[in-house]
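Engineer: Right, I'll just put the structure down here and ask away after.
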Amino acid sequence: MKLTFEDLKNYKLKGDKKNTEFLNTWLPMVYERRHECGIDELVKRIGAVVMSIDHAKAVDYICRLHYMTPYRFKACYVNATHRIYILENTPDTPVYFILEPLSNSFTDELTEMNDLYPLSKKTPNARYVGEIFVTTDRARTADILRSQDIRFHKPGDTPNAFYHNDAFIFSKTSTFTRNRIGYTENNLHDFDNLDIGEKLCLSRETIGRFDAAAAVHTQYGLDRYIGGIDHIATRLLYGDREEAILEFITMTNYYYWGAYNIDDQNSSTNVTRNPNASDDASLEVNSPAKVFTANNTPSFLNSFRNLPMPTETFVLRYGRRLHHIAYEIKDLVHEGNIQAIDYVVATLRENGIEFLAKVFGSCAGKPDLKQIFSKTCPYDVTITEYVQRCMGFDGFFTKENVGDLTQAAGLEVLQKSGIYD
């Protein structure tokens with residue numbers, strides 16, 4: 001069932017997070033303006049996700065994606081500054097763009113942002129860029145948003161022409177999330193008509209590596225269990241939470257589903273979703289949820305309570321940025337009555353993929369949720385999450401699972417920092 005504008009006017013937020021009067025006042029106003037100016041009808045869904053990585057890391061990264069996800073290499077293009085690799089899952093799920101600089105010396109806004117933080121500067125061009133939304137009219141969408149003071153890239157603003165061509169237009173980097181949002185009316189699965197560069201044929205050796213990684217995935221039957229992208233989660237600072245949510249909702253057709261406090265981790269997890277996925281989480285794979293996580297109390301006040309604060313610890317060491325991409329695990333049972341997620345994790349562990357902790361949650365005779373985080377990928381500096389919603393679980397996540405996952409991820413950040421301040 002699609003949530004309409006009338007539904008949103010009366011929508012009751014899920015969860016226990018208490019928002020400020022600022023968000024409570026502006027959220028309905030954003031919905032109303034979006035409805036009146038036409039954004040609700042123009043913007044449809046997330047059609048692609050875009051990742052930037054360091055020079056000469058693409059092949060290793062794509063092999064990892066072939067092991068761990070249903071995405072498969074389809075094409076490569078080259079422009080004046082980057083190789084652009086395209087991976088595809090299914091025709092109705094987002095395309096995966098990977099931007100790899102042609103040189104170690106390449107710098108742009110992503111490099112400058114990474115250079116500000118002690119852990120992100122080690123991988124200068126590894127950073128999630130953002131999503132590309134499908135729209136029925138790219139120019140009209142941009143014109144409406146410009147009238148609302150959303151800024152867009154112009155040719156020459158940045159050295160990589162990917163951000164402004166005849167197929168895409170991208171917003172400038174968000175102050176609150178450091179992500180961009182792109183828009184296109186093109187068929188994202190028709191690669192040759194995307195105007196992203198000259199087509200590049202990869203070597204037989206490289207294609208052989210991709211095929212070998214994909215063969216391992218299917219050999220163990222992982223293709224039967226791992227679905228598409230369930231959600232995309234960004235971590236940001238305490239003071240940016242509500243602004244980030246309102247900005248994203250202003251620029252898309254998504255709605256604010258709600259949020260839960262994870263009090264003992266000084267954190268809250270806030271979910272925005274496509275209105276077409278209002279009551280069926282499995283539809284997220286067609287247009288993944290966008291999740292924002294932030295502290296409940298800023299770091300400089302946390303000493304009054306002395307709580308762990310993995311969310312803001314991450315931001316202070318990596319910057320505001322994507323934290324993880326979650327993939328759906330289909331609600332199936334493997335041989336021997338093993339839940340699909342348990343089989344997937346055990347198989348990947350046997351093949352060298354490391355995870356932060358155990359699978360949290362249970363599917364023992366009642367609707368529930370099972371989730372796990374991988375260790376941070378060295379190529380894109382993000383975590384892969386797997387999530388299995390069991391027996392018709394009604395809801396997006398559970399507060400208990402998110403608390404356990406948040407704690408596990410926080411410990412990894414401290415270990416990488418080499419300090420426990």
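The values are calculated or read from the model by the stated rules, or taken from the named source; none is laboratory data. What you see is a predicted model, and the numbers here were worked out from it, not measured in a lab. Here the Cβ positions follow ideal geometry from the backbone for every residue, glycine too, while neighbour counts run over all protein chains shown.
Engineer: So, in segment 353-387, exactly how many residues are among the acidic types (Asp, Glu) and in a strand (DSSP E or B)?
Structural biologist: Qualifying residue count, segment 353-387: 2.
Engineer: When the residues of segment 360-380 are narrowed to those that are of a type in the set (S, T, N, Q) and under 16 Å from Ala346 (Cβ atoms), which ends up surrounded by the most Cβ atoms within 10 Å (Cβ to Cβ)?
Structural biologist: Step by step, filter segment 360-380, then rank; the result is Gln371.
Engineer: Please verify whether Tyr117 is in contact with a Gly (Cβ under 8 Å, 6 or more places away or on another chain) and farther than 24 Å from Tyr183 by Cα, treating the condition exactly as stated.
Structural biologist: yes
Engineer: Given the options Ala161, Ala167, Ala80, Ala139, name the one that is among the small types (Gly, Ala, Ser), surrounded by fewer than 22 Cβ atoms within 10 Å (Cβ to Cβ), out of contact with any strand residue (DSSP E or B) (no Cβ under 9 Å at 6 or more places or on another chain) and over 24 Å from Val387 (Cβ atoms).
Structural biologist: Ala80
Engineer: Val333 is checked against (1) in contact (Cβ under 8 Å) with a residue 12 or more places away in the chain; (2) hydrophobic (A, V, I, L, M, F, W, C); (3) more than 16 Å from Tyr67 (Cα to Cα) and fails just one. What number does that condition carry?
Structural biologist: Here Val333 clears every test but (1).
Engineer: Any residue at all in segment 270-285 that is modelled with pLDDT of 90 or more, more than 16 Å from Ile46 (Cβ to Cβ), buried (at least 22 other Cβ atoms within 10 Å of the Cβ) and under 18 Å from the mean Cα position of the chain (by Cα)?
Structural biologist: Yes: one or more hits.
Engineer: Tell me, which helices (runs of 4 or more DSSP H) lie completely within segment 30-143 with 2 or more residues that are modelled with pLDDT of 95 or more and hydroxyl-bearing (Ser, Thr, Tyr)?
Structural biologist: 58-68
Engineer: A further question on this structure: Given the structure, is Arg317 touching a residue at least 60 places away in the same chain (Cβ under 8 Å), buried (at least 23 other Cβ atoms within 10 Å of the Cβ) and among the basic types (Lys, Arg)?
Structural biologist: It is false that Arg317 is touching a residue at least 60 places away in the same chain (Cβ under 8 Å), buried (at least 23 other Cβ atoms within 10 Å of the Cβ) and among the basic types (Lys, Arg).
Engineer: Name the one entry in Val43, Val49, Val134 that is in contact with a Lys or Arg (Cβ under 8 Å, 6 or more places away or on another chain) and buried (at least 20 other Cβ atoms within 10 Å of the Cβ).
Structural biologist: Val134
Engineer: Take segment 162-192 and flag every residue that is modelled with pLDDT of 95 or more and assigned to a strand (DSSP E or B).
Structural biologist: Across segment 162-192, the qualifying residues are Ile169, Phe170, Ser171, Arg180, Ile181, Gly182, Tyr183, Thr184.
Engineer: Being of a type in the set (Ser, Thr, Tyr) and either closer than 19 Å to Thr136 by Cα or touching a residue at least 24 places away in the same chain (Cβ under 8 Å) (or both) is the filter here; which residues of segment 1-55 pass it?
Structural biologist: Residues satisfying the conditions are Thr4, Tyr11, Thr20, Tyr31, Ser52.
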